[in-house]
Amino acid sequence: MADTKAPPVTTLSVPGPSSARTVLLRRARELALVPALLLLMVLGAVVNDSFLTERNLISILGASAALAMVVLAESLVLITGKFDLSLESVVGIAPAIGALLVLPAAQSGWGTEFPAALALLAILVVGAVIGAFNGILVVKFKLNAFIVTLAMLIVLRGLLVGATKGKTLFGMPDSFYSLATTTFLNVPMSVWLAAAAFAIAGFVLKYHRVGRALYAIGGNADAARAAGIRVDRVMLGVFVVAGVLASVGGLLQTGYVGAISANQGQNMIFTVFAAAVIGGISLDGGKGTMFGALTGVLLLGVVQNLLTLAQVPSFWIQAIYGGIILVALMIARVTTGRAQD
Amino acid sequence: MSTAVTTPLVEASGIVKRYGPTTALADGRLTVLPGESHALVGRNGAGKSTLVTVLTGLQAPDEGTVRFDGEPAPPLADRDAWRSKVACVYQKPTVVPELTVAENLFINRQPLQRGFISWRRLKAQATELLDAWDVRVDPEARTADLKVEDRQMVEIARALSFGARFIVLDEPTAQLDNREIERLFTRMRSLQDSGVTFLFISHHLQEVYEVCQTVTVLRDARWITTAPVADLPRTALVEAMAGESIETIAEQGVQERVVDESAPVLLDARGLTSDAYENVDLTVRRGEVVGLAGSSGSGKIELAESLTGLHTPQRGTAQLDGKPLPFGDVTAALKAGVGCVPRDRHVQGLVVGMTIGDNATLSVLDRLGRYGFVGTDRKRGFATELIERLDIHTEGPEQPVSDLSGGNAQKVVMARALASDPQLLVLINPTAGVDVKSKESLLARVDSAREDGTAVLVVSDELDDLRRCDRVLVLFHGRVAAEYPAGWRDHELIASIEGVDHG
């Protein structure tokens, strides 16, 4: 850590001004991305007249909702000190299975023609089952989370392609899309849902013992175990919750796009990690807040939107987007003042 | 032992603990009276840590009983019951670095309000707890930012808040400087006045005399004695730790060696200073074997590692054969003619997945081919030669190094150190964890290196390793405290290592 070499305190620290300062400093780190976000907004307003319009801002939020859910899921896993790469495949396969269950065989479904409500429930169950499977392999079998979930990513991607024979699924009941299409106060329900999910997760992480247990496990699993936290159980639970959240993310993505292609969610995990790390979630575990993760998502959403508005040729957009992520990581490193190890 | 008036707070008797074929503790005994500070001393491997794991309920003994306040110890699974009796502050922190002090004190038992954590009450409770035991640490501070001494006090306070009044301190002074040690002792004494009992483990005997009232000595996995500190003079304590029998062996084992005083000085280090040691001068002549002794925090390993490029001194110079020896660069040190057996073969010594041949030739690959390519036959031949030279028992250079026993694996590490025909050979714990025969064979390599005119530096906790040296330097808290020519007696050296002859 960079700040262990701070000059030694000559007097014993007295609670008071110094403690107020440390609290303030911690808050400041939490808000590290807000100035960058504001700067980007100003930049956007200057560069393009249509940037700062209500319609455009809402479209940024709508486009970011699915990503936000997956970043939330990944952040929980990262704070616990583990990885879950397979979340991006869950984004594809969970809603796809739901769709296959409702669609008639003529529309390349399985012909079971489930009622829509049951199919929506099935989407969440698929997410939970995949999360539980990952969790068992990592927690009980003590396999390396990175490589296990990487394998799962490939397996699930393959299953999705196999089950749909590579075709795009569409024509699902309206309820599959309604989260993205219905609005409340002009803002899509998907955005409200993501916002609520972040608020709840942030609250639990801050004010519930289970939430604090995630930090304890990620920070020092042995100490957590010694404090009586059921480390294995909590970790397993985190994988399940992450799977469910990612499947909701998949549903939001389906609504936003209006169909499920065989590569829904593909390569999303890189953006997810970038958003989480830019937002101050440590890959080492035990560090980061939901607010930080959310600012990471919004930052990337704004950048994406700006690039589109600036009419950057689509062939170059990826290179520029990647470059901006790199720069954002460097800025986050400088502003938080600590190594992102 | 104790007069039967007070029930001992902790009483362990006849503790036996085996790990597979090795017996870590053959006869562990400990009786701690309430309100005292009790020292537990013994050389490395005497069974101190094993006794602590049994006392803290982390492992069940194979035989023997532990009683608290006269009552049998709770079952192993009942962590809460153990926590309310005993706690251990280890060298390795058992706190979560990113959380605040307050939260670390109450992990998983944070005060709740309608099912959710009340941070206000958490802070209040933490402040109250810290004040009650006079621990002056900001409860809002990030635990990672604390100094070691404060972190220890936080861990002690946490243990006390569970109701434990028996605290094991496992080498608490190892990472502290002198002033911090004094402060720790002051706090220990005031806690003792408030009714806390300590079991104090330290390698520094003068600390035992400073803060403890009673001392228990373990040696070779057995209980040797328990006595009031005041009744046990330092020489008697050192003798109890070293064992009288060893001394007699020592007298016969050490023959005077003829040191060629005219041999040119090969290694000449001046004023070496870093975090771990201070202003050390070190010279080694051609064909001379110099030992470095000291306790675990003495800086001896860092000093040796400085010469091999693994540790970078802040100040000072070193010359090898008249040419300056670069610091902090292993490749350059190798080029300059330094061969090294690093401190831990599992960590720095061997690449476990590779073969014996690959491991032995790892540092000399540039000699076995051109432009970075390695000639397979030449490598094979070179490795076979090394295997024969060091008498490594193996099927051949193709065998994975993970198949080897500890002794043979260590020979591979030694082979690699010798492969480059070094001028200076630095051996750190060269015989750690090897059997007697391999040990002899490894030490024989030291003798033949000496005959070849190599300068050898041996860093070790093992007296047997040091006995072969022409002279032994003792480091204490980073300074050279004493120098012994060959022929020293065991208790002299141990007293010097433990800091009792000059503390």
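The values are calculated or read from the model by the stated rules, or taken from the named source; none is laboratory data. This one's a predicted model, so the numbers in the text were calculated from it and none came from an experiment. Glycine gets a Cβ as well: all are built from the backbone with ideal geometry, and neighbour counts include every protein chain shown.
Return only the number of the condition from (1) without any contact (Cβ under 8 Å) to a residue 60 or more places away in the chain; (2) under 20 Å from the mean Cα position of the chain (by Cα) that A:LYS142 does not satisfy.
Answer for A:LYS142: the failing condition is (2).
Only one of B:GLU261, B:GLU278 is more than 16 Å from B:VAL480 (Cβ to Cβ), charged (D, E, K, R), in a loop (DSSP other than H, G, I, E, B) and at pLDDT below 90. Can you tell me which?
B:GLU261
Checking the conditions here, which among B:ARG489, B:ARG450 is more than 24 Å from B:ASP421 (Cβ to Cβ) and touching a residue at least 24 places away in the same chain (Cβ under 8 Å)?
Exactly one of B:ARG489, B:ARG450 is more than 24 Å from B:ASP421 (Cβ to Cβ) and touching a residue at least 24 places away in the same chain (Cβ under 8 Å), namely B:ARG489.
Please go through segment A:206-220 and give me each residue that is within 15 Å of B:PRO111 (Cα to Cα) and more than 7 Å from chain B (Cβ to nearest Cβ), ordered by number.
A:LYS206, A:VAL210, A:GLY211
Which one of the conditions (1) surrounded by fewer than 22 Cβ atoms within 10 Å (Cβ to Cβ); (2) out of contact with any Gly (no Cβ under 8 Å at 6 or more places or on another chain); (3) polar (S, T, N, Q) does B:ASN108 fail to meet, given that it meets all the rest?
Tallying (1) surrounded by fewer than 22 Cβ atoms within 10 Å (Cβ to Cβ); (2) out of contact with any Gly (no Cβ under 8 Å at 6 or more places or on another chain); (3) polar (S, T, N, Q), B:ASN108 fails exactly one: (2).
Looking at B:VAL338, B:VAL364, B:VAL347, can you tell me which residue is of a type in the set (A, V, I, L, M, F, W, C), closer than 28 Å to B:LEU466 by Cα and touching a residue at least 12 places away in the same chain (Cβ under 8 Å)?
B:VAL338
Within segment B:420-503, considering only helices (runs of 4 or more DSSP H) that don't extend past its boundaries, which have at least 3 residues that are closer than 24 Å to B:ILE387 by Cα and either among the β-branched types (Val, Ile, Thr) or not assigned by TED's automatic domain parsing to the domain that holds B:TYR209 (or both)?
It comes to B:436-451.
Quick check: is even one residue across segment A:239-253 closer than 20 Å to B:LEU99 by Cα, more than 14 Å from chain B (Cβ to nearest Cβ) and out of contact with any Ser or Thr (no Cβ under 9 Å at 6 or more places or on another chain)?
no
Being in a loop (DSSP other than H, G, I, E, B) and touching a Phe, Trp or Tyr at 6+ places or on another chain (Cβ under 8 Å) is the filter here, so list the residues in segment B:40-72 that pass it.
B:THR56, B:GLY57
Give me the residue from segment B:116-154 that is within 10 Å of chain A (Cβ to nearest Cβ), part of a helix (DSSP H, G or I) and under 31 Å from the mean Cα position of the chain (by Cα) and, out of that set, nearest to B:ALA102 (Cα to Cα).
This residue is B:THR143.
Which one is farthest from B:LEU40 (Cα to Cα), of the residues in segment B:148-176 that are without any contact (Cβ under 8 Å) to a residue 40 or more places away in the chain and among the acidic types (Asp, Glu)?
The extreme case among them is B:ASP150.
Can you list the helices (runs of 4 or more DSSP H) lying wholly within segment A:117-229 that have 1 or more residues being of a type in the set (D, E, K, R)?
The helices (runs of 4 or more DSSP H) meeting that bar are A:145-164, A:189-207, A:209-219, A:221-226.
Take the residues in segment B:97-106 that are at pLDDT 90 or above and part of a loop (DSSP other than H, G, I, E, B), then tell me which one is nearest to the other protein chains (Cβ to nearest Cβ).
Selected residue: B:LEU99.
Any idea which of B:LEU232, B:LEU237 is more than 23 Å from the chain's Cα centre (by Cα), surrounded by 14 or more Cβ atoms within 10 Å (Cβ to Cβ), in the same structural domain as B:VAL208 (by TED's automatic domain parsing) and modelled with pLDDT under 90?
B:LEU232
Pairs only if they're at least six apart or on different chains, beta carbon under 8 angstrom, first in segment A:88-108 and free of Cβ contacts under 8 Å to residues at least 60 places away in the same chain, second of a type outside the set (S, T, N, Q) and part of a helix (DSSP H, G or I); list them, first residue then second.
Note: pairs meeting the criteria are A:LEU101/A:LEU118; A:LEU101/A:ALA119; A:LEU101/A:ALA122.
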